[in-house]
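Only one structure is covered here, and it is reproduced in the block below.
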Amino acid sequence: MKFTTLRKLTIGLTAVLTFGTAFGASAETLRVGMECTYAPFNYRTADGELTGYDVDVAKGVAEIIGADLEYVCQQWDGMIPALLANKFDLIVASMSITNSRLEKIDFSSPYRDSVGRLVGKSNMEKPLFDAADKPIPENFTGLRIGLERASTYESWFNAILPDADIVLYDGSEPLYLDLVNGRVDAIMTNPMKAHLRFLAKEEGSGFEFVSPAIAEVEYFGTGVGIGLRQGQSELKASLDGAIKKLINDGKLTEYALKYFPFPIHNEEWGDN
Amino acid sequence: MSFDFTLIIDAVPKILLGIGLTFQLLVVSAVLGLVLAIGIMLMRISGKWYLSWPAQIYIYIFRGTPILVQIFIVYYGFPQLEFIRESFIWPLFRDPFGCAIVALTLNTGAYVSEILRGGVMGVDRGILEAGTALGLSVRQRFIHLTSPIAIRLALPAYGNDVISLLKSTALASTITLADMTGIARTIVAQTFAPYEIFISLAIIYMILTWILQKSLGRVERHLGRYMQK
């Protein structure tokens, strides 16, 4: 009698221990790099909690592939070097899938549209774009344009308007400050972000979009994806699968509607 | 991690495009800082509390805070104040170069004024007493006796501060200026190759420091030539 109890206990304990170790090994921890200051995509609430569309996507993907998440805050211009230096495993930071980035890192399939738009004073003297939505280079002369260093917007300007007077910033918040201060005449940024963070607020009165939405695939890529180091095909496949599942289950739409009045991805990305 | 030398060959000429701006930042703030430092030092040693106290407070504030914080306060903080945005000094603060010069000048001024004070304190009392005995006024004693000796005494420490100022100019890249560091950071952002680019940048700064060090050494030897055998 005594013996069987002890035996049962031993078996139970062994089972618990085995299960415990097995569980610990299966839930790998993925370190996720993001700016942590890019509202409403990745930012901290007043209580210091990380939130935003990118964070929701990261959590949704982690749940599907069964991984734990650890967030690493990294300034934008060092994001890819930090990934390559193994400071974290994934970039979930609203990074567009562009050809120049694909030379250094891999991307999952896209989870958000990649698009840029200029914000400037409401009463600009000359239009910057013509009726066919093409930029008018001579009307850019004398204007200082604020951009985030290493952004898709910077490569677009370098290619399309190389003579524009570009001012490079390390983060997105100073762009709005200096636009209000008059240190720059216009900024190019994500229109969804500009609307929520700036134009819809009191400090944004007197400013408006001064360009159409620009999304040339050559510079803006096919969309925003999750970045990972090259040569991890298994991880990439599980990320792709997870994102497609999020799209097909309507989760991405649900995440987007928390911040915007409309979804910000392409439903076709969920096919096949 | 492989080390790509062709990247360095491509990057160095681009980085060198920023050497002019780095030099302007260094020279303008060094000169203005020296002028400021002389004034602050004179206030500090004046023996009058209403001059000495403000000088001490200024020195304490600018030596007591990181220069990066000072640059951010000047660049991002001041424009928040309505009266600065509407005053005649706004064009200075609107321009990132102006902000960098203001912050670097105020910072180096605090350190250099203490270096100069050290030099003045180091002048042998006997020399000044001899001057008094010869009937020189306070002003004459300061200009003809104290100053030349004090400059000689302060020069090694001053040279040190100029070299340190050269490296502080790199912080101007955080407020959108395309100095050598700003350009290097943009290249890193395009090539994703921090090692190659930042090592090239470091070597350029080392060469500049070597040139500064050698020139200051020459001035030191020239001023101290009476001591050489």
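The values are calculated or read from the model by the stated rules, or taken from the named source; none is laboratory data. Just so it is clear, the model here is predicted, and its values are computed rather than measured. We place every Cβ from the backbone using ideal geometry, glycine too, and count neighbours over all the protein chains shown. For the accessible areas, the whole protein counts, side chains as well, though only heavy atoms, and no ligand, DNA or RNA atoms are used. Shrake-Rupley method; radii C 1.70, N 1.55, O 1.52, S 1.80 Å.
Among the lysines, which have Cα under 24 Å from the Cα of A:LYS201 when same-chain residues fewer than 8 positions away are ignored?
Result set, ordered by chain and number: A:LYS121, A:LYS193, A:LYS258.
Starting from the 7 Å offset along Cα-to-Cβ, what nm value, one decimal, do you get for the label separation of A:ARG31 and B:ILE151?
According to this spin-label approximation, the distance is 5.4 nm.
So for the protein assembly as shown, taking the charge dipole from beta-carbon charges (+1 Lys/Arg, -1 Asp/Glu), which of B:ILE73, B:ILE187, B:SER29 sits furthest toward the positive end?
Result: B:SER29, furthest along the dipole toward the positive end.
For B:ILE19 and B:GLU129, what is the calculated FRET efficiency with R₀ set at 41 Å and r taken between the beta-carbons, to the nearest 0.05?
It comes out at approximately 0.25.
Just to verify a number: what accessible area does A:ARG101 come out at with the full protein assembly present, 1.4 Å probe, Å² rounded to tens?
10
Per residue, what volume in Å³ does the convex hull of the Cα atoms of the range B:50-117 enclose?
Each residue corresponds to 102 Å³ of Cα convex hull volume.
Using only atoms on other chains, find how many Cβ atoms lie within 10 Å of each Cβ of peptide B:67-76 and report the average.
1
Given the -39500 (n - 2.57) contribution per DSSP H run of 4+ residues, what per-residue ellipticity at 222 nm results for chain A, rounded to the nearest 500 deg cm²/dmol?
-10500 deg cm²/dmol
So what does A:LYS236 come to for accessible area, using a 1.4 Å probe and Å² rounded to 10?
About 60 Å², ignoring ligands and nucleic acids.
Can you give the direction-averaged projected area of the convex hull of the alpha-carbon atoms in chain A, in nm²?
Dividing the Cα hull surface by four gives the mean projection, 18.9 nm².
Give me the 1.4 Å probe accessible area per residue for the protein assembly as shown, excluding ligands and nucleic acids, in Å².
51
What percent of all Cα-Cα pairs in the protein assembly as shown falls into each 10 Å bin, going from 0 up to the bin containing the maximum distance?
3, 15, 22, 20, 15, 10, 7, 4, 2, 1, 0, 0
List every residue whose amide H lies under 5 Å from the amide H of A:GLY146, counting only residues 5 or more places away in sequence or on a different chain, with H placed 1.01 Å from N in the peptide plane.
Under 5 Å from the amide H of A:GLY146 lie the amide H atoms of A:VAL167, A:ASP185, A:ALA186, A:ILE187, A:MET188, each far enough along the sequence or on another chain.
Give me the percent of the accessible area of the range B:82-204 that comes from carbon and sulfur atoms, probe 1.4 Å, all protein chains in place.
66
Leaving ligands and nucleic acids out of the surface, order B:ILE197, B:ILE143 by accessible area at 1.4 Å, largest first.
Correct descending sequence by accessible area is B:ILE143, B:ILE197.
So which GluC sites (Glu not before Pro) in the range B:27-136 pass both tests, a DSSP loop state and at most 15 other Cβ atoms within 10 Å of the Cβ? Display every interim value, and only then the final one.
Working: sites: B:GLU82, B:GLU86, B:GLU114, B:GLU129; in loops: B:GLU86.
Those that pass, being in a loop and sparsely packed, are B:GLU86.
Give me the one-decimal Kirkwood hydrodynamic radius in Å for the range A:117-219, with the sum taken over alpha-carbon pairs.
When all Cα pairs of the range A:117-219 are included, the Kirkwood radius is 13.7 Å.
When the C-alpha atoms of the range B:67-194 are aligned to their principal axes, what extent does each axis show, in angstrom, from largest down?
Per principal axis, max minus min of the Cα coordinates gives 68, 42, 17 Å.
Sticking with the crude label model, points 7 Å out along Cα→Cβ, report the distance from A:GLU103 to B:SER164 in nm, one decimal please.
My value for the distance between the label points is 4.1 nm.
Over its Cα atoms, what ratio of radius of gyration to 2.2 N^0.38 Å does the range A:189-272 give?
1.36
Ranked highest first by the average count of other Cβ atoms within 10 Å around their residues, in what order do A:180-189, A:153-162 fall?
Descending packing order for the listed peptides: A:180-189, A:153-162.
How much length is gained on full extension from A:GLU267 to A:LYS245, taking 0.36 nm per residue of separation minus their Cα-Cα distance? Show your work: numbers first, answer last.
Numbers: separation 22, 0.36 × 22 = 7.92 nm, distance 1.13 nm.
So the extension gain works out to 6.8 nm.
Which of rounded, prolate or oblate describes chain B when judged by the alpha-carbon gyration tensor and an a/c cut-off of 1.5?
Values: a/c = 3.27, a/b = 1.54, b/c = 2.12.
Here chain B falls in the oblate category.
Starting from the residue with the highest accessible area, list B:PHE88, B:PHE192, B:PHE97 in decreasing order, probe 1.4 Å.
Of B:PHE88, B:PHE192, B:PHE97, the descending order of accessible area is B:PHE88, B:PHE97, B:PHE192.
When the Debye formula is applied to the Cα atoms of the range A:42-98, each taken as the same point scatterer, what base-10 log of I(q)/I(0) results at q = 0.12, 0.17, 0.19, 0.25 Å⁻¹?
The Cα Debye sum returns log10 ratios of -0.30, -0.61, -0.76, -1.19.
Find, among the GluC sites (Glu not before Pro) in the range A:47-145, those assigned to loop by DSSP (not H, G, I, E, B) with at most 13 other beta-carbon atoms within 10 angstrom.
A:GLU49, A:GLU103, A:GLU125
Which distance in nm do the two modelled labels at B:ARG225 and B:ILE61 give, with both placed 7 Å along the Cα-to-Cβ direction?
Reported label-point gap for B:ARG225 and B:ILE61 is 4.4 nm.
Rounded to the nearest 100 Å², what is the buried accessible area between A and B, both sides summed, probe 1.4 Å?
1800
With r defined as the distance between the Cβ atoms of A:GLU125 and A:SER205 and R0 fixed at 22 Å, what FRET efficiency is calculated, to the nearest 0.05?
On the way: r = 19 Å, r/R0 = 0.88.
Here the calculated transfer efficiency is 0.70.
Just by accessible area at a 1.4 angstrom probe, what is the order of A:PHE220, A:PHE207 from largest to smallest?
Highest to lowest solvent-accessible surface, that is A:PHE207, A:PHE220.
With the contact rule set at Cα under 8 Å and sequence spacing of 6 or more, what percent relative contact order holds for the range B:60-218?
Over the range B:60-218, the number comes to 21 percent.
Suppose every Lys and Arg Cβ carries +1 and every Asp and Glu Cβ carries -1, with no other charges. What dipole size does the protein assembly as shown come out with about its Cα centre, to the nearest 20 debye? Write down the numbers at each step before the final one.
On the way: 44 positive and 50 negative charges, 548 e Å.
Using only the charged Cβ atoms, the result is roughly 2640 debye.
In the protein assembly as shown, what % of DSSP beta bridges are antiparallel (nearest 5)?
Percent antiparallel among DSSP bridges in the protein assembly as shown is about 55.
Could you please state, rounded to a whole Å, how far the C-alpha centre of the range B:14-59 is from the C-alpha centre of the range A:35-112?
Using only Cα atoms to place each centre, the spacing works out to 43 Å.
Which FRET efficiency value, to the nearest 0.05, is calculated for B:ILE38 and B:LEU81 with the Förster distance at 35 angstrom and r the Cβ-Cβ distance?
On the way: r = 29 Å, r/R0 = 0.84.
The formula returns an efficiency of 0.75 here.
Nearest 10 degrees is fine. How inclined is helix B:147-168 to the longest principal axis of chain B, computing both from alpha carbons?
10
What dipole magnitude, in Debye to the nearest 20, does chain B give about its Cα centre under +1 on Lys/Arg Cβ and -1 on Asp/Glu Cβ?
900
Rg/Rh for the range B:83-126: what does it come to with C-alpha atoms and Rh from Kirkwood?
Using only Cα positions, Rg/Rh for the range B:83-126 is 1.32.
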